[in-house]
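First comes the structure, then the notes that go with it.
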Amino acid sequence: MSISSGSSFADRLRWVIGDEAVYAFGRRAGISDTALRSYLKGSVPSIDKAVKIAQVGQVNLNWLITGEGSPQLHPDAKAEYVYVPFVDVAASAGAGALVREESIESVIAFERNWLRTHLKGNPAELSLIRVQGDSMSPTLEDGDWIFVERQEGGDLGCEGIYVFQMDGDLLVKRLQRLPGSQVKVISDNPRFPPFVADLADPINGLTLIGRYRGRISFD
């Protein structure tokens, strides 16, 4: 059974499952039969479900998600892959999510060339973080998984979307530099008004965690 280069996610999933019964594959992956069949009809899984499918199917996650590259795993070709930490914490695009324990859930292998082609920044400094809330809609939606280039405690170089910590919350917003050490914090959703924060204020200011570099897109 072959798979074409222009395949959809549903096509690739069908190829991964092969002749195995859908319910049996789902049981091995820890995914319900209903959910798996919905993916086969065109719905999109969360990144953690995609990771489980790739692991059980023993295929390249990068290929499963994007359709680019080879479905085969190449565990020994370390120079061709970058292992990106999948961090079990939500960056709120809403009122804010309290950061209690940021932990690496797993690492996900992405082809280095794919990262260089589709994302800016240093592949070695990337992490995957889940978006929570809708204040950055339509740019980022609730449940999106985003690539963040870590620059914890770093300086705000230019306007863009950043993940930062403020008042114990981990937020993802658009930041615009103002005179001095102040920044304007902007939500892309017009229902959420902008506000001003001070990078130099150790109590009420914000601490940069990293810059948004792209999101997981199931083609």
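The values are calculated or read from the model by the stated rules, or taken from the named source; none is laboratory data. Note that this is a predicted model, so its numbers are computed, not measured. Virtual Cβ from ideal backbone geometry, glycine too; neighbours counted across all protein chains shown.
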- [ ] For residues that are in a loop (DSSP other than H, G, I, E, B) and over 12 Å from the mean Cα position of the chain (by Cα), tally how many sit in the range 131-173.
- [x] 18
Task: Identity of the residue in the range 24-62, among the polar types (S, T, N, Q) and either assigned by TED's automatic domain parsing to the domain that holds Val131 or outside any helix (DSSP H, G or I) (or both), that ends up nearest to the chain's Cα centre (by Cα) - done: Ser46
TODO: Filter the range 79-119 down to residues that are assigned to a strand (DSSP E or B) and β-branched (Val, Ile, Thr) and give me whichever is modelled with the highest pLDDT.
DONE: Val84
Open item on the list: Regarding the range 70-78, can at least one residue be identified that is in a strand (DSSP E or B), more than 17 Å from Lys173 (Cβ to Cβ) and at pLDDT 65 or above?
Closed with: no
TODO: Scan the range 132-152 residue by residue and report those that are more than 27 Å from Gln58 (Cα to Cα) and not small (Gly, Ala, Ser).
DONE: Gln132, Asp134, Met136, Pro138, Thr139, Leu140, Glu141, Asp142, Glu149, Arg150, Gln151, Glu152
Open item on the list: Of everything in the range 124-166, what is within 19 Å of Val51 (Cα to Cα) and surrounded by 18 or more Cβ atoms within 10 Å (Cβ to Cβ)? Give them in sequence order.
Closed with: Leu126, Ser127, Leu128, Ile129, Arg130, Val131, Asp144, Trp145, Ile146, Phe147, Val148
TODO: Can you work out which of the residues in the range 167-182 that are touching a residue at least 40 places away in the same chain (Cβ under 8 Å) and at negative phi is surrounded by the fewest Cβ atoms within 10 Å (Cβ to Cβ)?
DONE: Asp169
Task: Among (1) modelled with pLDDT of 85 or more; (2) in contact with a helix residue (DSSP H, G or I) (Cβ under 6 Å, 6 or more places away or on another chain); (3) not hydroxyl-bearing (Ser, Thr, Tyr) - the single one Gln58 does not satisfy - done: (2)
TODO: Output the qualifying pairs, or none if there are none: Cβ atoms under 7 angstrom, residues six or more apart or on different chains, first residue in the range 37-54 and of a type outside the set (Ser, Thr, Tyr), second residue at pLDDT 90 or above and not in a helix (DSSP H, G or I).
DONE: Lys49/Ile31; Lys52/Gly30; Lys52/Ile31
